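Have a look at the structure below before the remarks.
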């Protein structure tokens, strides 16, 4: 893959819609033509498309513009489960959650080829299930498919300033809605994008297709 930048916007759901749109517009202004939007299908057990038709319309428009849509768990992690949404979840419940999350997104008319676990918290059962249902899934260090994996640590506003000069052909940059509320994080993101402005922007769908 030529020198590329893959930006992922995490925690896309009705509660974060306004900040997500603001961040995506801000990225557009800085030349990030394509990004990957990580959608929580049923935050608080309400379908995202029912709770916010405006979010669904926006996601459809972003998909037509070239952004990729990925499933980001099923709902917010349960209180007290800092290890992640799927921690200690039995295999059958893991399988049902993965199936339901993908079905919710696709029934809303969106293509979801990939999956990113909230907080990059994976279990063995979750990894095994993803290989059956998605073209790719990403953890903190790699983007995986059934046939291969691509090494590329995910950067954040906190780490990006230190690692933006990495010589790797692919750089991944994670952005969360809460970053929009932090001037320090937005400044760090701006400086990072300035440093990598000559890289082509790719979605996660495109990483393993290269």
(request) Collect the residues in the stretch 41-66 that are surrounded by 21 or more Cβ atoms within 10 Å (Cβ to Cβ) and in contact (Cβ under 8 Å) with a residue 60 or more places away in the chain, keeping them in residue-number order. (result) 41, 42, 48
(message) Can you tell me which condition residue 109 does not meet? The list is (1) over 19 Å from residue 208 (Cα atoms); (2) in contact with a helix residue (DSSP H, G or I) (Cβ under 8 Å, 6 or more places away or on another chain); (3) at pLDDT below 95, and all the others hold.
(response) (3)
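Given 79, 2, which one is over 15 Å from residue 172 (Cα atoms) and either at pLDDT below 95 or not in a helix (DSSP H, G or I) (or both)?
Values: 2 fails: over 15 Å from residue 172 (Cα atoms).
The unique qualifying residue is 79.
The values are calculated or read from the model by the stated rules, or taken from the named source; none is laboratory data. Nothing here was measured: the structure is a model prediction, and the numbers come from that model. All Cβ positions, even for glycine, are placed from backbone atoms using ideal geometry, and neighbour counts span all protein chains on display.
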